[in-house]
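Beneath this line is the structure, given in structure tokens, with notes to follow.
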Amino acid sequence: MTDNTKAAKSRQRKPKGPFSDELLDQLLSQVRGRDAESLLGESGLVGQLKKQLAERMLSAELNHHLATGRAAGEAPGNHRNGSSAKTVLTPSGPLPLEIPRDRHASFDPVLVAKHQRRLPGFDDHVIGMYARGMTMREIRGHLLELYGLEVSPELISTITDEVLAEAVEWQTRPLDAMYPIVYFDALRLKIRDEGAVKNKAVYLALGVDAAGHKDVLGLWIEQTEGAKFWLKVFNDLKNRGVADVLIAVVDGLRGFPEAIEATFPQTQIQTCIVRLIRNSLSYVAWKDRKALAAELKPVYQAANAAAAEAALAAFEQGPWGRKCPPIAQAWRRQWAQVTPFFAYPHEVRRIIYTTNAIESLHMRLRKIVKNRGHFPSDEAATKLLYLALRNITRNWSMAPKTWKEAANQFTILFGQRFVQQG
């Protein structure tokens, strides 16, 4: 056999793709027919490969979860515990899978997360991990360790940057003309700016519409807080269609009253009562907090503003008022934003009593960003916060149980300004 003949045969045996001809022949030998459905259909060769590959990846994830748990010293006895059937939707149709389980029910796969009904593509997979707070290094390590995929940081950055346009569209989307309640609050993040890492405030506006449904109206990143910044926020809301806000619930934010009066002059500003109580309790030792809270209760549970004023005066003259004068002084400084609370009926008080709704939102955001030292830019922070908010708010569909009663009171209190929708 000549050298040319050997070279020709070698070229014939060389696979044209990542799989050898022998492997392809072995797979094809399992196919009964040669029609397109038996090869490319969901019940054919390609569908079976997709199913086996997905289940193999899920099995690898469970092995990693069990090994990590043992290394971390978790409670012993956790091991495989069979599987459960689940059908997920793919671009080419439904795909039945057997999802492996562990005895402690602590396994939450990344490929097909709990309650997930769609199988994401690679881009969605990376974006989903990024939205959970994983850094680029962690995403690279996860893909390499579980699936053997070597992914560059540039590719991950390119994939996640694609959501910036979606975030801008979300930030500029039209809003309702009226919101009965809007909560304003902020959390602090470390963001690199002009060559230095700075502490910047990320302000969120959480609106409750006329039907009682919550919605994050927007987020704004600013280094300093003041009337000029808040004026920019309110003008942004106004330009996006908000014509009226009935009650704005805040926590003594600097410059807020002046800015909102210039933009929404009819809005009633309400200080968060729970935050005032927490600040008051911080002046005493832990063992004295229960007694102090009992002394403050007649103030914020008063039937009306006059009774609240009398209760605050009695607190000032009492033992706790004389022992801790700054407590009453703090209430006095914000009294103009506290007294509107006493004009509302019980149904409305229960809803505006606290900023717990937005504080809970911030708590979940902090869990996601806690692993990051700082963000390289405002855009990087916006990208992650938007993805996190998209995941958090996905299941916001129910209004509070007491909203119907509160809506009736809003109709009486604000008349034509409150328009019941749905």
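Taking 0.36 nm per residue of separation and subtracting the current Cα-Cα distance, fully stretching the chain between residue 411 and residue 258 would add 52.4 nm. Computing FRET efficiency as 1/(1 + (r/R0)^6) for residue 313 and residue 346, where r is the C-beta to C-beta distance and R0 is 30 Å, gives about 0.80.
Annotation note: GluC sites (Glu not before Pro) in region 173-243 located in DSSP loop regions with a Cβ neighbour count of at most 16 within 10 Å are 194, 225. Spin-label model, residue 391/residue 103: points 7 Å from Cα along the beta carbon direction are separated by 3.0 nm. Counting other Cβ atoms within 10 Å of each Cβ, which trypsin sites (Lys or Arg not before Pro) in region 378-422 have at most 14 and sit in a DSSP loop? Of the trypsin sites (Lys or Arg not before Pro), the ones in loops of region 378-422 whose Cβ has at most 14 other Cβ atoms within 10 Å are 401.
Each residue of region 285-302 was assigned a 3J(HN,Hα) from its phi angle through the Karplus expression (A = 6.51, B = -1.76, C = 1.60, θ = phi - 60°), giving 5, 4, 5, 9, 5, 4, 5, 5, 4, 5, 6, 7, 4, x, 6, 7, 9, 5 Hz with x at Gly and Pro.
For residue 88, the amide hydrogen comes within under 5 Å of the amide hydrogens of 95, 97, counting only partners 5 or more places away or on other chains and with H modelled in the peptide plane.
Taken along the Cα-to-beta-carbon direction at a fixed 7 Å, the label points for residue 85 and residue 168 span 4.8 nm.
Applying 1/(1 + (r/R0)^6) with r as the Cβ-Cβ distance of residue 305 and residue 49 and R0 = 56 angstrom yields a FRET efficiency of 0.20. Peptides 284-291, 300-307 ranked from most to least packed give 300-307, 284-291, packing being the mean of other C-beta atoms within 10 angstrom over each peptide's residues. If you take the Cα centroid of region 252-304 and the Cα centroid of region 207-229, the two points sit 20 Å apart. Taking 0.36 nm per residue of separation and subtracting the Cα-Cα distance, full extension of the segment from residue 404 to residue 193 would add 71.3 nm. Distance distribution P(r), region 183-341, all Cα-Cα pairs, bin width 10 angstrom from 0: 9, 33, 29, 23, 6, 0 percent.
Each Lys or Arg adds one and each Asp or Glu subtracts one; over the other residues with Cβ under 13 Å from the Cβ of residue 79, this totals +2. Model label sites at residue 157 and residue 266, defined 7 Å from Cα along the beta-carbon direction, differ in position by 5.0 nm.
Neighbour counting of Cβ atoms within 10 Å sorts the residues 256, 229, fewest neighbours leading, into 229, 256. Neighbour counting of Cβ atoms within 10 Å sorts the residues 272, 324, fewest neighbours leading, into 324, 272. Cβ crowding within 10 Å, taken as a proxy for footprinting-reagent exposure, orders 295, 154, 166 from fewest neighbours to most as 154, 166, 295. Database remark: amide H of residue 217 closer than 5 angstrom to the amide H of 205, 206, 207 (H placed geometrically; neighbours at sequence offset of 5 or more, or on other chains; Pro and chain starts carry no H). 3J(HN,Hα) couplings calculated from phi for region 190-204 with the Karplus curve 6.51 cos²θ - 1.76 cosθ + 1.60 (θ = phi - 60°) are, in sequence order, 8, 10, 6, 8, 6, x, 10, 7, 10, 7, 10, 9, 10, 9, 10 Hz; Gly and Pro show x.
Simple rule: put +1 on each Lys or Arg Cβ and -1 on each Asp or Glu Cβ in region 270-422, find the dipole, and look at 414, 273, 308; the Cα lying farthest toward the positive end is 273.
A short reminder: the numbers here are calculations on the coordinates, not readings from a lab. Small disclaimer: the values here were computed from a predicted structure and weren't measured. Cβ sites come from the backbone with ideal geometry, for glycine too, and all protein chains shown count toward neighbours.
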